[in-house]
Amino acid sequence: MFEQRSILAEREADLETELQPLESILHPLAAPPVAPQNAGFQLPRGVWTAMLSCYAVFFAAIFAATGGSSAARFAIVISVLYTAVYFGVARIGARQAGREATSPLEQGQMLDTWTGLMDKRAVYGQVLIVPLAVALFGIGILLITVLIGIGA
């Protein structure tokens, strides 16, 4: 039932020919990984400063607009902490790749994006439009509460 049969190849195997495709497949795995250059966000420090300033203005205005409500102020403090975590974790993650390259905008050049080259003014406008709107919203709420007499 279990006869031992040997299988004989019709031709003799050429070991060099058999191993060459396998070696070419495994060769890239043997090379050590090379760390890519860290282009980073390529935004100047002024963009980040302006963005954080806008959020600070928003939170300060809302804090002032709530008057003496300790519950509202507690919620605002929690929101400030969430915002700090949001930007802090992003900063920690971005720093894991090492030092970022200097922004082309700080060198007087244009920023190369997926949709084409952008000058400094266009970059600032696109990146800061939402934080500016948020800051203006906070100021608007403060003005409304002051004019109506609610809160502050």
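Quick notes on this structure:
- For segment 45-152, applying the loop criterion from DSSP together with a ceiling of 13 other beta carbons within 10 Å to the chymotrypsin sites (Phe, Trp or Tyr not before Pro) yields Trp114.
- Calculated FRET efficiency, Val146 to Ala94, Cβ-Cβ distance, R0 = 30 Å: about 0.15 to the nearest 0.05.
- Of all accessible heavy-atom area on segment 62-118, the percent that carbon and sulfur account for (1.4 Å): 63
- Calculated FRET efficiency for the pair Val85/Leu117, C-beta based, R₀ 41 Å, to 0.05: 0.75
- Near-label residues of segment 78-105 by backbone N, under 20 Å of a point 7 Å along Cα→Cβ of Ala56: 78-92
The values are calculated or read from the model by the stated rules, or taken from the named source; none is laboratory data. Given the structure is predicted, the values throughout are model-derived calculations rather than measurements. All Cβ positions, even for glycine, are placed from backbone atoms using ideal geometry, and neighbour counts span all protein chains on display. Ligands, DNA and RNA are stripped out before the accessible areas are found, and what is left, the full protein with its side chains, is counted by its heavy atoms. Shrake-Rupley method; radii C 1.70, N 1.55, O 1.52, S 1.80 Å.
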